[in-house]
1. So the check is Cβ under 8 Å with 6+ separation or different chains; which pairs have a first residue in the stretch 87-109 that's closer than 18 Å to Leu77 by Cα and a second one that's assigned to a loop (DSSP other than H, G, I, E, B) and of a type in the set (Gly, Ala, Ser)?
2. Would you tally the residues in the stretch 83-132 being among the β-branched types (Val, Ile, Thr), surrounded by 10 or more Cβ atoms within 10 Å (Cβ to Cβ) and more than 30 Å from Gly71 (Cβ to Cβ)?
3. From the list Ala56, Ala62, which residue is farther than 30 Å from Asp133 by Cβ, assigned to a helix (DSSP H, G or I), at pLDDT 85 or above and more than 27 Å from the chain's Cα centre (by Cα)?
4. Could you grab the pairs with beta carbons closer than 6 Å, sequence gap of 6+ or different chains, first residue in the stretch 50-76 and aromatic (Phe, Trp, Tyr), second one modelled with pLDDT of 90 or more and surrounded by 10 or more Cβ atoms within 10 Å (Cβ to Cβ)?
Amino acid sequence: MEPSENSPPNEGKQKRPPHRFKKGDPPGPGRPKKTALSPEKILIQEQRRELAKKVADLRLAAKEYTNEALGGLVGVLRNPQSPPGAIVSAASELLDRGWGKATQIIAGDEKNPVRIQHTRKLDITGLSDEQLDALEQALERTILTIEHDPNEGGNDGNE
């Protein structure tokens, strides 16, 4: 149905149900905001903070031996009496520290291809209806693009 010049702009368009989230709605599942934590959870949080501090202190202390450790690796590498396995290990460690580890390729095969799933939570409670519409359209385009990947050549892996 073509909208006429005198009709409202939304006339003739299919109406969609209102979005599930509205500004001011209560938060989703989980502990409601501003609810006091139980004593057990407070204790667990304190223990985690203490453990994180101990780990940070240990790392700082270990870093003080960096020059000595590197010198030891170089010493093993240069010592002609070092076993070949020790020389290779020392060289590998020095190269990894200096240049970073080599990139590892992750590959599957035709029957079991590697699939990557990325999940991210997105708080959409403060978005306007227009922003929600734009987000929905972008997601639909993304899903269509993934479902109809031209590089797959029509093979959906269900053979």
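The values are calculated or read from the model by the stated rules, or taken from the named source; none is laboratory data. As the structure is a computational prediction, the values presented were derived from the model and not from experiment. Note: ideal-geometry Cβ built from the backbone for every residue, glycine included; neighbour counts use all protein chains shown.
1. From residues that are closer than 18 Å to Leu77 by Cα, the pairs are Ala90/Ser82.
2. So the count comes out to 2.
3. It is Ala62.
4. none
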